Amino acid sequence: MSENESIKKVSIIISKGSLESIYPGLIMANGARMKGIEANVFFTFFGMDAITKKKMNKVKVATVGNPAMGIPTLVGAIPGMSSFATNMMKKQMDELDIPPIPEFIEMISDAGGKIYACLASVDMFKLKDEDFCEQLDGVLTVGDFYDLAAGGQIIFT
Amino acid sequence: MEKLIAGQKVSITSEGYLTDLSQWNKEVAIEIASELGISLNEGHWKIIDFLQKDFKQTGKIPTIRRMKKEGNISTKDLYDLFPEGPLMKACKVAGLTKPVSCV
């Protein structure tokens, strides 16, 4: 690929289920669509929390095992601490007009981005089609995902 | 730099955004849009009107989310009407600056 060739397609893998792990991938996917770049988002393992009806509204910031939070792990483990940090972060994001996860998924889908779940994770968590938000475009094997990503860039988060 | 658009001398950035909204008029919009391969219809004008109105009120380019919430412009329509870079193209046609938000 030559140095100045523009990116035509990105396929973004979201593999973790905390708020701070899910948002970067969503922002990258939405930002790609805003630039006219084709975007696929592939959710695997706990990243699938972002697209399951039961959990997509309940994703939280990790306050334990997250040194960047700047609070001691023991303090982070106090009940309610994760909800507190989550609410703070959600408020700040709302001020920047970054939508809550369910609305963000809808926005990416409306923008033409594709939403996929990983078959191995779906089987492992024993999920059914009806467990997912309506924007889900399909459940893919890893092989399917590579076919879909062919010719573009793959970003793992 | 300066450019002749629709028979009118306007000042633009290197990326083609107008630097002075007062130099904008509908003929300028039609010509910028046609350079982008877009022929303006009622749906496009609704978006342009909202962008300009909101920019005048807030001093900022609205996000796509705000356009939906405040301007009643569905995200699907926006992407259909201004394909491949909707907010950037719509702002260019509306005579506004290049949007700088990540969302």
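The values are calculated or read from the model by the stated rules, or taken from the named source; none is laboratory data. Since the model is a prediction, treat every value here as computed from it, not as a measurement. No Cβ is skipped: glycine too gets one built from the backbone with ideal geometry, and neighbour counts run over all protein chains shown. What goes into the accessible areas is simple: the full protein's heavy atoms, side chains included, and nothing from ligands, DNA or RNA. Shrake-Rupley method; radii C 1.70, N 1.55, O 1.52, S 1.80 Å.
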Having 1 or more residues that are within 13 Å of chain A (Cβ to nearest Cβ) is the bar; report the helices (runs of 4 or more DSSP H) wholly within chain B that clear it.
B:42-58, B:64-69, B:75-81, B:86-93
I'm trying to understand the selection: among the residues of segment A:131-149, which are closer than 13 Å to residue A:120 by Cα, part of a helix (DSSP H, G or I) and not aliphatic (A, V, I, L, M)?
A:143, A:144, A:145
Could we say that residue B:69 is under 13 Å from the mean Cα position of the chain (by Cα) and either surrounded by fewer than 15 Cβ atoms within 10 Å (Cβ to Cβ) or more than 24 Å from residue A:106 (Cβ to Cβ) (or both) here?
no
What tally of residues in segment B:74-86 results from selecting those that are out of contact with any His (no Cβ under 8 Å at 6 or more places or on another chain) and open to solvent by less than 10 Å² (accessible area, probe 1.4 Å)?
4
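Hey, can you tell me all the residues within segment A:27-68 that are within 14 Å of chain B (Cβ to nearest Cβ) and of a type in the set (Val, Ile, Thr)? Walk me through it before giving the result.
Of all residues in segment A:27-68, those within 14 Å of chain B (Cβ to nearest Cβ) come to A:27-39.
The answer is A:27, A:37.
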Looking at the structure I just gave you, is residue A:132 touching a residue at least 24 places away in the same chain (Cβ under 8 Å), under 16 Å from residue A:57 (Cβ atoms) and open to solvent by less than 60 Å² (accessible area, probe 1.4 Å)?
yes
So, first residue closer than 13 Å to residue A:40 by Cβ in segment A:100-126, second residue open to solvent by 30 Å² or more (accessible area, probe 1.4 Å) and β-branched (Val, Ile, Thr), Cβ within less than 6 Å, six or more apart or across chains; the pairs are A:117/A:139
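Tell me the helices (runs of 4 or more DSSP H) entirely within segment A:1-112 that contain at least 3 residues that are surrounded by fewer than 19 Cβ atoms within 10 Å (Cβ to Cβ) and over 18 Å from the mean Cα position of the chain (by Cα).
On the way: elements: A:19-34, A:73-76, A:81-95, A:101-110.
Correct list: A:73-76, A:81-95.
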